[in-house]
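Visitor: Have a look at this one before I ask anything.
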Amino acid sequence: MMPTFTAMFNLSINRIGPLALFGYQENDPAVQSLRQVAYFTVGYLPYYEFLSCAVCICANGYSSFRFMNVGTFSKNFRIVMIATNIMISCVALIRPICFLVPEESYMLKTNNYLLIFTMYSLGFINQVCVLIFDVKYIIIGFERRMAFKNRATYEYSQDGTTIRVFCGIVCTLLLMATAKVGLFLKLRDLPPDLALHKAFMLDSDFATWVFCHTIAVAGWVYGFQTVHELSRRANQTRHTGSLTESFTVKEILNVIKVIKPVIHAYIVVMVIAFTIVMLMLPCIYTGVMDESDMYYQAIVTFEYALLDTYNVFASCYMVWNFKPLRRALKQDITSCFRKKCFSVEVEPESVEKYSAMQGTDLYFEQLTKSWKLDAHMK
């Protein structure tokens, strides 16, 4: 029995779908089974996207809050991580909203201009956020390269090169999304509603969808190459520089240790997604599938669900494996259940009553004890 919830979706009826390429007919069992899977995908996976969105927002929100106060990592790295985490969380939130709201409710003939503006604005933001996710590892990789290149001064310098490059990439992606809007609204001879939908909704245009996959693969290649190159070079120079250089190199190695498994997991997503795109190409260009087709929407929804699953893994993995974040998380959890107790603490001895030399010795003695305590906790 077919589910009844699909009536809420504005999807054209294609009863055979991609199996038409292989000569299948509507009543074949394989066609019926594939159609049931497509119904299930478009009916339920958007709600899974909302669930994963909640997890990502919690994990990314917590990590962003803690990153602001963690002095272990450089300022530029913290800014890049916070900004990309926030933008990636937007994808998991906005995309299911755009998918579940029926297209008929914001067509031009409804004159509901507030909803029209809201939906297409959300679609535009989603496009930009997806593109930022695609180049995420390019941004992080560039920041780590700059940290290694300027390791002698990176810890305390105010060099804004990384932030300027990050802002430049975001502005470039905004211009690309704007150019796509102009292309569909001015140069393509399409009905107004269809032109708006293809211009602002990312997955409503297959060519844009393929372009995003290509950018994502390029971003992964750059990130993968950067991580392995920096790992090799950092290990070679770890004990050959000044104390400041050694600190920066150690930070780079700590970040790479966490990022490397996440990048390796990303290749699984890329292989599945790119394989799907390659299988969709003949279906799109032979006419057995189009962007308003239920099977097309099911495939796109599956890819978003796959991406959201990866984001949940990456977000939670990084919170747990970045040691300062894990330590803060444990302390926060413990403080929630800690019983009120009375303790006698010895106030740290003030250095004001000592001479400059004695105060310096006392400071470094306390700092050494703190490092030993941190090393023991790790």
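The values are calculated or read from the model by the stated rules, or taken from the named source; none is laboratory data. Treat the numbers as computed from the prediction; the structure is a model and nothing was measured. We place every Cβ from the backbone using ideal geometry, glycine too, and count neighbours over all the protein chains shown.
Visitor: Only one of these is of a type in the set (S, T, N, Q), touching a residue at least 12 places away in the same chain (Cβ under 8 Å) and surrounded by 21 or more Cβ atoms within 10 Å (Cβ to Cβ): Ser231, Ser242, Ser204. Name it.
Guide: Going through Ser231, Ser242, Ser204 in turn, just one is of a type in the set (S, T, N, Q), touching a residue at least 12 places away in the same chain (Cβ under 8 Å) and surrounded by 21 or more Cβ atoms within 10 Å (Cβ to Cβ): Ser204.
Visitor: Another question about this same structure. Does the stretch 153-201 hold any residues that are charged (D, E, K, R), surrounded by fewer than 15 Cβ atoms within 10 Å (Cβ to Cβ) and modelled with pLDDT of 85 or more, and which are they?
Guide: Answer for the stretch 153-201, where residues must be charged (D, E, K, R), surrounded by fewer than 15 Cβ atoms within 10 Å (Cβ to Cβ) and modelled with pLDDT of 85 or more: just Arg164.
Visitor: Hey, another quick one. Can you tell me which residue is modelled with the lowest pLDDT among those in the stretch 30-77 that are within 30 Å of Pro18 (Cβ to Cβ) and within 18 Å of the chain's Cα centre (by Cα)?
Guide: Cys53
Visitor: For the stretch 276-294, how many residues are surrounded by 19 or more Cβ atoms within 10 Å (Cβ to Cβ), over 26 Å from the mean Cα position of the chain (by Cα) and part of a helix (DSSP H, G or I)?
Guide: 3
Visitor: Looking only at the stretch 153-193, which residues are of a type in the set (Val, Ile, Thr) and closer than 30 Å to Glu104 by Cβ?
Guide: Those that are of a type in the set (Val, Ile, Thr) and closer than 30 Å to Glu104 by Cβ: Thr178, Val181.
Visitor: Right, here's the next one. List the pairs whose first member sits in the stretch 262-274 and is touching a residue at least 24 places away in the same chain (Cβ under 8 Å) and more than 11 Å from Glu303 (Cα to Cα), whose second member is among the β-branched types (Val, Ile, Thr) and assigned to a helix (DSSP H, G or I), and whose Cβ atoms are under 9 Å apart, counting only residues at least 6 apart or on separate chains?
Guide: Filtered contacts from the stretch 262-274: Ile263/Val227.
Visitor: Going through the stretch 113-156 one residue at a time, which ones are of a type in the set (D, E, K, R) and in a helix (DSSP H, G or I)?
Guide: Across the stretch 113-156, the qualifying residues are Asp134, Lys136, Glu143, Arg144, Arg145, Lys149.
Visitor: Moving on. Only one residue in Gly223, Gly182 is within 20 Å of the chain's Cα centre (by Cα) and among the small types (Gly, Ala, Ser), so which one is that?
Guide: On the way: Gly182 fails: within 20 Å of the chain's Cα centre (by Cα).
Just one listed residue meets the conditions, Gly223.
Visitor: With respect to Ile94, determine if the residue is touching a helix residue (DSSP H, G or I) at 6+ places or on another chain (Cβ under 7 Å), within 26 Å of Leu45 (Cα to Cα) and surrounded by fewer than 17 Cβ atoms within 10 Å (Cβ to Cβ).
Guide: Taking the combined requirement at face value, the residue does not satisfy it.
Visitor: When both residues are 6+ apart or on different chains and their Cβ atoms are under 7 Å apart, which pairs have a first residue that lies in the stretch 313-339 and is in the same structural domain as Met68 (by TED's automatic domain parsing), and a second that is of a type outside the set (A, V, I, L, M, F, W, C) and assigned to a loop (DSSP other than H, G, I, E, B)?
Guide: Lys323/Lys378; Pro324/Thr72
Visitor: For the stretch 97-114, how many residues are more than 20 Å from the chain's Cα centre (by Cα) and surrounded by 15 or more Cβ atoms within 10 Å (Cβ to Cβ)?
Guide: Step one: of the stretch 97-114, the residues more than 20 Å from the chain's Cα centre (by Cα) are 100-114.
Subset that is surrounded by 15 or more Cβ atoms within 10 Å (Cβ to Cβ): 101, 103, 106-107.
Here the count works out to 4.
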